[in-house]
Amino acid sequence: MAEDTHGNPIVAFFTWWNQAMADTDKLTEEGFARFFTPDAQIRVRDNLRAGCPAEMVPHYAAIAASFDSVQMVLPVTREMATGDLAFVHCHTRVIDKGGSRDDAALAYAELVDGRICRLTVAPMV
């Protein structure tokens, strides 16, 4: 099971992700592998963004480089986790060029042995 100080694997991932996005040297394949299976997928609007932890590194590094700051707002608005599924209603805070915004999304994860094998994000636009 992924290292978890929280019962919801998505929230545990977001907690680590906030630290890694603030210090992009922490965006490593090993870091992502703590939370994701080797063949994990991240999909946004059902478009594949990464197909394994190694692909997550450049994906999130590019996002970090695009903004002054980006982080998940914690605690999340709503959450639920069962044995093989986890859900969150969350907000991403983006700060860029002196302005900021909070982007809302719904996300669910399919889990295998406590790690995320598929994370699907549906932005609420």
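The values are calculated or read from the model by the stated rules, or taken from the named source; none is laboratory data. Values in this document were obtained by computation on a predicted structure and should not be read as measured data. Neighbour counts are summed over all protein chains in view; Cβ atoms, including those assigned to glycine, are modelled from backbone coordinates with ideal geometry.
Numbers for the structure displayed
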{"read-out": "Residue tally, condition among the hydrophobic types (A, V, I, L, M, F, W, C) and either touching a residue at least 40 places away in the same chain (Cβ under 8 Å) or more than 24 Å from PRO123 (Cβ to Cβ) (or both), over the stretch 22-51", "value": "7"}
{"read-out": "Test for GLU79: is it in a strand (DSSP E or B), surrounded by 14 or more Cβ atoms within 10 Å (Cβ to Cβ) and out of contact with any helix residue (DSSP H, G or I) (no Cβ under 9 Å at 6 or more places or on another chain)", "value": "no"}
{"read-out": "Where a residue in the stretch 67-85 is in contact (Cβ under 8 Å) with a residue 40 or more places away in the chain and among the hydrophobic types (A, V, I, L, M, F, W, C) and its partner, wherever it lies, is assigned to a loop (DSSP other than H, G, I, E, B) and surrounded by 12 or more Cβ atoms within 10 Å (Cβ to Cβ), with Cβ under 7 Å and at least six apart", "value": "ALA81/ASN8"}
{"read-out": "Considering residues of the stretch 95-125 that are acidic (Asp, Glu) and in a strand (DSSP E or B) only, the residue nearest to ALA22 (Cα to Cα)", "value": "ASP96"}
{"read-out": "The stretch 55-70: number of residues that are of a type in the set (Gly, Ala, Ser) and more than 18 Å from TRP16 (Cβ to Cβ)", "value": "3"}
{"read-out": "Subset of the stretch 72-91 (residues that are within 13 Å of PHE13 (Cβ to Cβ) and out of contact with any Phe, Trp or Tyr (no Cβ under 6 Å at 6 or more places or on another chain))", "value": "LEU74, VAL76, GLU79, ALA81, ALA86, VAL88, CYS90"}
{"read-out": "Selection within the stretch 82-113 - surrounded by 13 or more Cβ atoms within 10 Å (Cβ to Cβ) and polar (S, T, N, Q)", "value": "THR92"}
{"read-out": "Flag if THR92 is in a strand (DSSP E or B), within 15 Å of ALA20 (Cβ to Cβ), of a type in the set (Ser, Thr, Tyr) and in contact (Cβ under 8 Å) with a residue 12 or more places away in the chain", "value": "yes"}
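For every residue, the table says whether it meets (1) at pLDDT below 95; (2) surrounded by 14 or more Cβ atoms within 10 Å (Cβ to Cβ).
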{"residue": "GLY7", "(1), (2)": "yes, no"}
{"residue": "PHE13", "(1), (2)": "no, yes"}
{"residue": "LYS26", "(1), (2)": "no, no"}
{"residue": "PHE32", "(1), (2)": "no, yes"}
{"residue": "THR37", "(1), (2)": "no, yes"}
{"residue": "ALA50", "(1), (2)": "no, yes"}
